[in-house]
1. Determine the distance separating the Cα centre of the stretch 112-126 from the Cα centre of the stretch 57-87; give it in Å without decimals.
2. Run the quick spin-label model on His8 and Thr114: label points 7 Å from Cα toward the beta carbon, then report their separation in nm to one decimal.
3. So, R0 is 25 Å and r is the distance between the beta-carbons of Ile28 and Val68; what FRET efficiency does that work out to, to 0.05?
4. So which aspartates and glutamates pass the test for Lys140, namely a Cα distance under 15 Å, with those fewer than 8 places away in the same chain ruled out?
5. Quick check for me: using +1 on Lys/Arg Cβ and -1 on Asp/Glu Cβ, what's the dipole size of the stretch 56-121 about its Cα centre, in debye to the nearest 20?
6. In nm, give the distance between the simple-model label positions of Ser136 and Ala105, each being 7 Å from the Cα along the Cα-to-Cβ direction.
7. Could you name the aspartates and glutamates in cross-link range of Lys27, using Cα to Cα under 18 Å and dropping any fewer than eight places away on the same chain?
8. Obtain the nm distance between the two label points defined at Val122 and Arg83 by a simple spin-label model: each point lies 7 Å from its Cα along the Cα-to-C-beta direction.
Amino acid sequence: MAIDQFSHSLPMMLYRTLDAVMPRFRKIFSDFGLTEQQWRVLRVLWEHDEVSLSQLADLSLISAPSLVGVVDRLQATGLVTRRRSDVDRRKVYVLATERGAELEALMMPRVASTYAELKQSVDAETWECVLRGLQSITAKSK
């Protein structure tokens, strides 16, 4: 089986796509004083009341050792807090504070607008095909 030309290989195409897409979002994160990793943590917490550190690592795609530092910084700014489990003291949950929840209302309209612009940059069939293809690759590689 032949390997695609380097510049057309899947990893390079994914990197190139991230380079095209992420600066728009990173600008929003920066405007609110957040890093991309901090944003990913908050985004997960906005969808869940509270999440264990191990679940948060899985959902945000941030390694557990790195996640501790990200959560530390978010906690220092008052956007998240930790809660130790009453049942298993080794288990720690992370949740957004009221201030962290308020940030969602400020950020999400800009994020949604940027997402809509990206989605409109290609036809609906192409958009759905790309998403299905990426989901299929991800599901089969686990």
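Every number here is computed from the coordinates shown, using simple stated rules; none is lab data. Small disclaimer: the values here were computed from a predicted structure and weren't measured. Neighbour counts run over all protein chains shown; Cβ positions are idealised from the backbone, glycine included.
1. Spelled out, the Cα-based centre of one part sits 31 Å from the other.
2. 3.2
3. Details: r = 25 Å, r/R0 = 1.00.
For R0 = 25 Å, the calculated efficiency reads 0.50.
4. none
5. Details: 10 positive and 8 negative charges, 49 e Å.
Using Cβ point charges on Lys, Arg, Asp and Glu, the stretch 56-121 gives about 240 debye.
6. 4.3
7. Output for Lys27: Asp19, Glu36, Glu104, Glu117.
8. Modelled inter-label distance: 4.0 nm.
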